[in-house]
Amino acid sequence: MFRAAATLVLIGHAGHPEVEGTIGQINAPVHLVGSADEVADLPLPVDEPIAYITQTTLSVDDTRSVIAALKARFTDVVGPETSDICYATQNRQSAVRELCRLVDLLLVVGSPNSSNSNRLREIGIEEGLPSYLVADGDALDPAWFMGVETVGLTARGVGTRGAGPERDRRAAPFRAGRRRAARRDRREIEFRLPPALNRLARARAAEAMKQEA
């Protein structure tokens, strides 16, 4: 649990709408850090109590090094459980890493302003692949496909409506052969209600049962 006296650190990307909105809603100083290197620049003493939160669209991998840097520098650090960090983002990034082992080139469909889309492209580069972020089919370059046998295709969680069919149409002249979907094991995620809300739900269910009886 966060302490009122702790200094708040927000792990996220500067300029992201969620980050700007969060900072605007907090009536206290907020230190924004986007990388482990930025932790060293925080103008705070090592014994300063720190409470950190994360941009919800960041994955566990995205935040791990920053959290480790906070705990390495400061003596009193608290934050959310790892399981509270966006599982959907983490799963998609893990799937892209697996996809990169099977293809020669990676295409990410998404907006240039999307942190998630840019991160997926960065993962492709980290895995040693030519990787491109395209907003629609017009962004495709025939030169990208020269000598490429297998293209990996992914998108952020919420894509542009209609981008898929248009992207496929534009890519058709640059490829031959068949397409297949890469599948991962299905993961069952259970979200638990907060205790207070759970008690309220049980009370209303009990009341409804009495009225039916």
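Table: residues versus (1) at pLDDT below 90; (2) under 25 Å from LEU58 (Cα atoms); (3) touching a Cys at 6+ places or on another chain (Cβ under 7 Å).
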{"residue": "ILE125", "(1), (2), (3)": "no, yes, no"}
{"residue": "GLY159", "(1), (2), (3)": "yes, yes, no"}
{"residue": "ILE189", "(1), (2), (3)": "yes, yes, no"}
{"residue": "PRO194", "(1), (2), (3)": "yes, yes, no"}
{"residue": "LEU200", "(1), (2), (3)": "yes, no, no"}
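Considering each of VAL77, VAL108 in turn, give the residue that is at pLDDT 90 or above and buried (at least 19 other Cβ atoms within 10 Å of the Cβ).
Among VAL77, VAL108, only VAL108 is at pLDDT 90 or above and buried (at least 19 other Cβ atoms within 10 Å of the Cβ).
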**Request:** Take the residues in the range 89-120 that are of a type outside the set (A, V, I, L, M, F, W, C) and over 21 Å from VAL19 (Cβ atoms), then tell me which one is nearest to the chain's Cα centre (by Cα).
**Result:** ASN91
**Prompt:** Right, VAL19: at pLDDT 90 or above and either surrounded by 16 or more Cβ atoms within 10 Å (Cβ to Cβ) or in a loop (DSSP other than H, G, I, E, B) (or both) or not?
**Reply:** no
**Request:** Go through (1) at pLDDT 90 or above; (2) farther than 18 Å from VAL134 by Cα; (3) out of contact with any Phe, Trp or Tyr (no Cβ under 9 Å at 6 or more places or on another chain) and name the single condition LEU44 misses.
**Result:** (3)
**Asked** What about ARG101, is it at pLDDT below 90, in the same structural domain as VAL151 (by TED's automatic domain parsing) and either more than 20 Å from TYR132 (Cβ to Cβ) or of a type in the set (Lys, Arg) (or both)?
**Response** no
**Request:** Give me a count of the residues in the range 84-133 that are touching a helix residue (DSSP H, G or I) at 6+ places or on another chain (Cβ under 7 Å), among the hydrophobic types (A, V, I, L, M, F, W, C) and either outside any helix (DSSP H, G or I) or within 20 Å of GLU149 (Cβ to Cβ) (or both).
**Result:** 9
**Asked** Can you find even one residue in the range 134-142 that is within 15 Å of GLN93 (Cβ to Cβ) and buried (at least 21 other Cβ atoms within 10 Å of the Cβ)?
**Response** no
**Message:** I'd like to verify a number: residues in the range 22-59 that are in a loop (DSSP other than H, G, I, E, B), in contact (Cβ under 8 Å) with a residue 12 or more places away in the chain and not acidic (Asp, Glu), how many?
**Reply:** 15
**Message:** Any residue at all in the range 9-17 that's touching a residue at least 60 places away in the same chain (Cβ under 8 Å), in contact with a Gly (Cβ under 7 Å, 6 or more places away or on another chain) and closer than 26 Å to ASN116 by Cβ?
**Reply:** yes
**Complete:** Picked from the range 6-49 (must be among the β-branched types (Val, Ile, Thr) and touching a helix residue (DSSP H, G or I) at 6+ places or on another chain (Cβ under 6 Å)), the residue farthest from ARG92 (Cα to Cα) is VAL30
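The values are calculated or read from the model by the stated rules, or taken from the named source; none is laboratory data. These numbers were taken from a predicted model, which means no experiment stands behind them. Cβ coordinates were reconstructed from backbone atoms using ideal geometry, including for glycine residues, and neighbour counts include every protein chain displayed.
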